[in-house]
Structure formats: C-alpha cells, structure tokens
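Q: First the structure, then my questions, so here it is.
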Amino acid sequence: MRLLHTSDWHLGRSFHRESLHDAQRAFLDHLVDVVRAERVDAVLVAGDVYDRALPGLEAVAMFDDVLHRLADLGVPTVFISGNHDSARRLGVGAGLIGRAGIHLRTDPGECASPVVLADEHGPVAVYGLPYLEPTLVRERFGLSKGGHAAVLGAAMAEVRADLAARPAGTRAVVLAHAFVTGGAPSDSERDIAVGGVAAVPASVFDGVHYVALGHLHGCQTLAPHLRYSGSPLAYSFSEVRQRKSTWLVDLAADGSVAAERVPCPEPRPLATLRDTLQALLTDEAYTEHEQSWVQATLTDAARPGEPMEKLRRRFPHTLQLLFDPEESDAEPSSSYAARVSGRDDLEIAEGFLRHVRPGAEPEPDELGWLREGFERVRETTDRKADLPR
C-alpha cells in the first residue's frame, strides 16, 4: 500500500507578516498532483491543519477545496487534529465527510477505532491519535496524573488491544501529533510542554508498522517506521537549512517500510545573512540572495541610519533585521552615557524599542506617540518652571 505522509500545513499562517496564502495553495495543488501521479492509495495528515483554533475564512476555503479534490480522486485521507487546531471545530461533520472517504480523527475516544483499508495483501488499520493534551484527556484514559508520555502510552495500549483482536497479518499505521525524543525542533513550533513533560519516548509506538508523526517542522527519520514529514513550508528562519518535503511510503505485505522524500514547491528561498551594512549592500557574494526572504544581522559597531530601507533596495524581501555589533576594543568599557551621548530623547527611545524588539523597526504611529509624549512632558516641565516658588 502506498501512503503519502504530510503534516503541519498551518493554513492561514504568515511568515514575518508576509502572506503565505498563495504558497499554501501551491502546496495543496502539488499534493493533489502527487497523489494522482504516484498512484497513492491513502493520504495521512498528522495534525496542525490550521495555524490557529479559529482559522480565517481563506484558510477554511483552502481546506474545503482540497477535501473536495481528494474526495474526487477517490483516495482515502485520514486527518488528525494538532495542538494548533480546535479539535471540535475541525471534527464538525466528521461522520458525514467520512462517507466521502475523508476521515477526520479529532476525538480522543476514537483512538482505537481505525480506518480500515485493504490492498491485495489484506487489511491495513489506520489509527488516528489526535493531539492529546494531558490535562484534558487523563480522565478519559483512566489516569490520575502523568504527562504526554502517559496519555500517549494509554492511547497506544488501546490501539494494540484493538489490533490484537483483528485478523492475523493486519498491518497497523498510526498518526500522532507529538514531540518524540530524538526529534530536532525548530523555532516555529508551539511549545507543548504545558500539562506534562513534552517529549515522549519512541518506544511508546512499539507494535505497529508505521507511525506518521506531526508537530516538528523538519522532515526527519527517527527509525525506519517512525518519521516526521515536517511542514511543507518554512515558518521561521531557523528552518533555513531544511528541505521541505512529504514522505511517499510503501507498506509491504509483511509490514516493512520503504520511504522516499517528495520535495515541496518552494515559494522563495530563505537566507540568513550576517555582515556590516556596507558589505551586505555591495559584496557580490550576496547577489544570489537578492530575491530571497532575508534575515539580516548587522555587525556594524555603530547602528547605521535607516538600515531596513537601505537593505530593501538590494534585498526587497528582507523580513527581519537583527543587530549584533562586533565591538571595537574601546566599546566594551564605554558607559551607557557615552554610547547615547549626542542623541536626543526621541533617538534614545527609538534605540530602546529596537533593542527590546530585535528585527522590528518602530512603526510610524509609535514614533508619533513617542514624539507627542516627549512634547507633553516638556510642556509640563516648562509650566512648572514658570510657577512662582
């Protein structure tokens, strides 16, 4: 049986305020094309369909469209909810949608109720384990305490019990949304440590033939049968070295797995550049990044004027600006008073905003509020100075 494993679509998410709607639509087009061209037997989507519990209308429209297209192909698809999704909202209409071969697994009570598929070698039971927040599901699994490892262990015990009651030779596939020990995280994943220890051991998933994992955004293999597909798009500059892809998985008659990566379309390459402003603006070595999404770290000893405006003349898609000055020998010993000497109050306040919000330039409205605030303080001070003592 040929499976296509994907996850972490995060429909509706932006990249440093840059809309990704077009890029996400392009990925969904690519997904449908792969399903058709590679003769995929089932699609597995391991959580975080949406980026937030209340997705925007455009994100919902994209999801609705891809559901119709997958259903038209007649390819069974299994979704689970992730920690970014609202399980109840994603699962609305699951029973009715399931008749079209689109199976939404969002209810912890259905962990041991698989979608049963079949090929010429017999049945394949696909178990969907939605994201299990320990504080919300412990009672459902008869636990008085415990974190992610405990609740996933209890869910997997139910899976193994159901599998044991099925015909001999039934192959088992599990979808799960979790941080498994040994996985490499990125900056763009929401922490799931609340409610218990975040990481779960790989041994939790013993006893099944393939585990399609979601949550971590880098495509990675923890074991031949235990893989993250990663997100189809980069959602932080920490993913600059990741090659985004899905897994095309062939499940053999004996349950053994062969998998290959299918690259996802890249809307625009990422580049993390570090140098002085002058070098970034003139060095030919950076020419290849002129159309990339850029994170620029300036190493100038003194903060240059209008750096973002100047950078965007060469790199129009600069999205993040950081400062990490390579200080001169005299710099470390200079006092704060010396460093701000010659600056007026507004310039000092602007510098403070940049310091506490690296990469974000003060907005025009913010500068206006600061200017108005300083003017009012001066007026108040002047009036007090004019009062008789």
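Q: Which residues' amide hydrogens lie under 5 Å from the amide hydrogen of Thr318, considering only partners 5 or more residues apart or on another chain, with H built in the peptide plane?
A: So Thr318 has HN proximity to Val294.
Q: Per 20 Å bin, what is the whole-percent P(r) computed from every C-alpha pair distance within the chain?
A: 24, 44, 24, 7, 1
Q: I'd like the accessible area for Asp8, computed on protein heavy atoms only with a 1.4 Å probe and all protein chains in place. Round to 10 Å², please.
A: Around 0 Å² of this residue is reachable by solvent.
Q: Further question: Heavy atoms only, probe 1.4 angstrom, no DNA, RNA or ligands counted: give me Glu290, Glu120, Glu379, Glu363 ranked by accessible area, highest first.
A: Largest to smallest exposure gives the sequence Glu120, Glu379, Glu363, Glu290.
Q: Which whole-number percent gives the relative contact order of the chain, counting Cα pairs below 8 Å spaced six or more residues apart?
A: Once divided by the residue count of the chain, the mean separation gives 13 percent.
Q: Are there any trypsin sites (Lys or Arg not before Pro) in the stretch 34-134 that are in a DSSP loop and have at most 12 other Cβ atoms within 10 Å? List them by number.
A: Arg39, Arg99
Q: Related question: Could you calculate the FRET efficiency of Glu363 with Ser86 from 1/(1 + (r/R0)^6), where r is the beta carbon distance between them and R0 is 35 Å, rounded to 0.05?
A: Efficiency computed from Cβ-Cβ geometry: 0.65.
Q: Right, here's the next one. Considering Cα pairs under 8 angstrom that are at least six residues apart, work out the relative contact order of the stretch 190-320 and quote it in whole percent.
A: 15
Q: If you don't mind, there's one more thing I want to ask. In the chain, if the dipole is taken from +1 on Lys/Arg beta carbons and -1 on Asp/Glu beta carbons about the Cα centre, which of Gly207, Ala161, Asn83 is farthest to the positive end?
A: The Cα lying farthest towards the positive end belongs to Ala161.
Q: Leaving out ligands and nucleic acids, note down the accessible area per residue over the chain with a 1.4 angstrom probe, in whole Å².
A: For the chain, the solvent-accessible area averages 49 Å² per residue.
Q: Please compute the length gained on full extension between Ala71 and Arg268, using 0.36 nm multiplied by the number of residues separating them and subtracting their Cα-Cα distance.
A: Length gained between Ala71 and Arg268: 67.9 nm.
Q: Using the Karplus curve 6.51 cos²θ - 1.76 cosθ + 1.60 with θ = phi - 60°, what ³J(HN,Hα) values do you get for each residue of the stretch 59-67, in whole Hz, with x for Gly and Pro?
A: 5, 5, 5, 4, 5, 4, 5, 5, 4
Q: Might you work out the accessible area of His84 for me, using a 1.4 Å probe with all protein chains in place, and round it to the nearest 10 Å²?
A: 10
Q: Same structure, new question: Which of these, Ala168, Ala125, Ala157, has the largest mean-square fluctuation under a Gaussian network model of the chain (Cα springs below 10 Å)?
A: Highest fluctuation of the listed residues: Ala168.
Q: Roughly what % of DSSP beta bridges within the chain run antiparallel, to the nearest 5?
A: 35
Q: Still on this structure, please answer the following. Between Arg36 and Glu284, what's the calculated FRET efficiency when r is the beta-carbon distance and R0 is 51 Å? Round to 0.05.
A: Once the sixth-power term is evaluated, E becomes 0.75.
Q: Please list, by residue number, everything in the stretch 230-274 whose backbone N is under 13 Å from a paramagnetic label point 7 Å out along Cα→Cβ of Asp187.
A: Once the point is set 7 Å along Cα→Cβ of Asp187, 235-241, 271-274 turn out to lie under 13 Å by backbone N, inside the stretch 230-274.
Q: Percent of accessible area on the chain owned by carbon and sulfur, 1.4 Å probe?
A: Summing carbon and sulfur atoms, their accessible area is 51 percent of the total for the chain.
Q: Take Val116 and Ala252, extend 7 Å from each Cα along the Cα→Cβ direction, and tell me the distance between the two endpoints in nm.
A: 2.6
The values are calculated or read from the model by the stated rules, or taken from the named source; none is laboratory data. Model, not experiment: these values are computed from the prediction. Cβ sites come from the backbone with ideal geometry, for glycine too, and all protein chains shown count toward neighbours. The protein model used for the area step is the full one, side chains on, heavy atoms only, and it has no ligands, DNA or RNA in it. Shrake-Rupley method; radii C 1.70, N 1.55, O 1.52, S 1.80 Å.
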